[in-house]
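Below you'll find the structure, written out as structure tokens, and then a few comments.
The values are calculated or read from the model by the stated rules, or taken from the named source; none is laboratory data. Since the model is a prediction, treat every value here as computed from it, not as a measurement. FYI the Cβ positions are ideal-geometry reconstructions off the backbone, even for glycines, and counts take in every protein chain you see. Just so you know, the surface numbers come from the protein's heavy atoms only, side chains and all, with ligands and any DNA or RNA stripped out. Shrake-Rupley method; radii C 1.70, N 1.55, O 1.52, S 1.80 Å.
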Amino acid sequence: MARTLVKTDAIVLRAMRIGETSKLVTLFTEHHGKLKVSAKGARRPKSKFAGCLEMSWLVHIACPVRDDRDLHTLTDAEILRSRPALLADLPRLSYAAAACEMVDRLSLDHEPNRRLYQCLTGVLVGIEEVAAVQLEALFWYFQLRVAEALGYRPELSQCANCGTTMPPEATWFSPGLGGSVCRDCGRQAAAGLAEEGAPEYLRARRMSAESLHLLTYLQGLRTYSCEVIPAAPPERRTEVRALLRSFLEFHGGTNGRLRSLEFLDAMGVNAGGV
Ligand SMILES: [Zn+2]
């Protein structure tokens, strides 16, 4: 089986201890997708990996990779970008962890996705830079971009089922049909999925005009900069979180809330949850 020495930039999605001195690290790279590596001796103070493989950090790695293996042995790593702004800021740290967790869940080993990589590097810089009140809307924007990078951009301008132009008032949203749907299609989808016993959060649900406008605005953005990301309106939180979560779970085949944001909620910092 082919063995390639991969030298590349990578984002650390997560790192956990293995054995007495080593770490098991999940990396996301631009050209090689997700890689799981063992960093032997990484927890020894004098290790070349010491203080280097932290969640969300950008590193440059060297690692022999075999296509038929799930776990590779890291031979070198250096820090390209640490994230000091996250260290003493629980909400920022939690959103960075949630972004990494989301990419980990939705990506496959050895399957490159350049747009997904760019989404992740973009949002991590954004999380360091935006004001605290912008953090959640930044994350919503990230979720929309992730859906797009994975090939299932939600339709928001017309009925995803029959093509009718969306009315300005409240409408419906169906993850299974691909986004916003008109009243008739929404009702049919809700009834059909209920009969099949689909979980409640995956069925078509009502969507307010305000949430539709907010999501349409975010979907039209092309940058994570603080100038364009709005503050997340508190009254829209429950609805927008549920819409985005149901969409990504339906299409990404994942389920369950993001642990990092559950933790933030449990701390009382982030009312509600994604
Ligand atoms: Zn329709």
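For the Cα trace of the range 3-82, dividing Rg by the Kirkwood Rh returns an Rg/Rh value of 0.92.
Just how large is the dipole of the chain about the Cα centre, in debye to the nearest 20, putting +1 at every Lys and Arg Cβ and -1 at every Asp and Glu Cβ? All intermediate terms of the calculation are to be shown ahead of the outcome.
Working: 34 positive and 31 negative charges, 173 e Å.
Dipole magnitude for the chain comes out near 820 debye.
Extension gain for the segment ARG187 to ILE18, taken as residue separation times 0.36 nm less the Cα-Cα distance, is 55.8 nm to one decimal.
So if we plug the beta-carbon distance of ARG44 and GLU262 into 1/(1 + (r/R0)^6) with R0 = 22 Å, what FRET efficiency do we get, rounded to 0.05?
On the way: r = 33 Å, r/R0 = 1.49.
E(calc), rounded to 0.05, equals 0.10.
In the chain, the convex hull through the Cα atoms has an average projected area of 16.0 nm², a quarter of its surface area.
A protection proxy built from the mean count of other Cβ atoms within 10 Å ranks the segments 41-53, 129-141, most packed first, as 129-141, 41-53. Of all lysines in the structure, those lying under 26 Å Cα to Cα from LYS34, and not within fewer than 8 positions of it along the same chain, are LYS7, LYS23, LYS48. Dividing the summed helix terms, -39500 (n - 2.57) for each DSSP H run of n ≥ 4, by the number of residues in the chain produces a 222 nm estimate of -11500 deg cm²/dmol to the nearest 500.
To the nearest 10 degrees, how steep is helix 135-149 against the longest Cα principal axis of the chain, on a 0 to 90 scale? Helix 135-149 and the main axis of the chain meet at about 90 degrees. A protection proxy built from the mean count of other Cβ atoms within 10 Å ranks the segments 154-166, 27-39, most packed first, as 27-39, 154-166.
Expressed as a whole number of Å, what is the distance separating the alpha-carbon centroids of the range 100-130 and the range 1-57? Answer, in whole Å: 16. Against the chain, whose longest principal axis comes from its Cα atoms, helix 90-106 is set at around 90 degrees. ASP9 contributes about 60 Å² of solvent-accessible surface, heavy atoms of the protein only, 1.4 Å probe.
To the nearest 0.05, how large is the calculated FRET efficiency for THR8 and ALA209 if R₀ is 45 Å and r is the Cβ-Cβ distance?
Numbers: r = 45 Å, r/R0 = 0.99.
Calculated transfer efficiency: 0.50.
Annotation for THR254 and GLU235: the two label points, set 7 Å from Cα along the Cα-Cβ direction, are 3.1 nm apart.
With contacts taken as Cα pairs under 8 Å at a separation of at least 6 residues, the range 71-136 carries a relative contact order of 39 percent.
Kirkwood radius for the range 104-266, taken over all pairs of different Cα atoms as the inverse mean of 1/r, rounds to 16.4 Å. Counting only aspartates and glutamates at least 8 places from LYS40 when in the same chain, those with an alpha carbon closer than 12 Å to its own are GLU20, ASP76. Short-range pairs are left out: with C-alpha atoms under 8 Å and at least six residues apart, the relative contact order of the chain is 16 percent.
Please give the FRET efficiency for ARG81 paired with VAL133, using the beta carbon to beta carbon distance and R0 = 25 Å, rounded to the nearest 0.05.
The calculated FRET efficiency here is 0.50.
Compared with the dominant Cα axis of the chain, that is its longest principal axis, helix 114-129 is turned about 90°.
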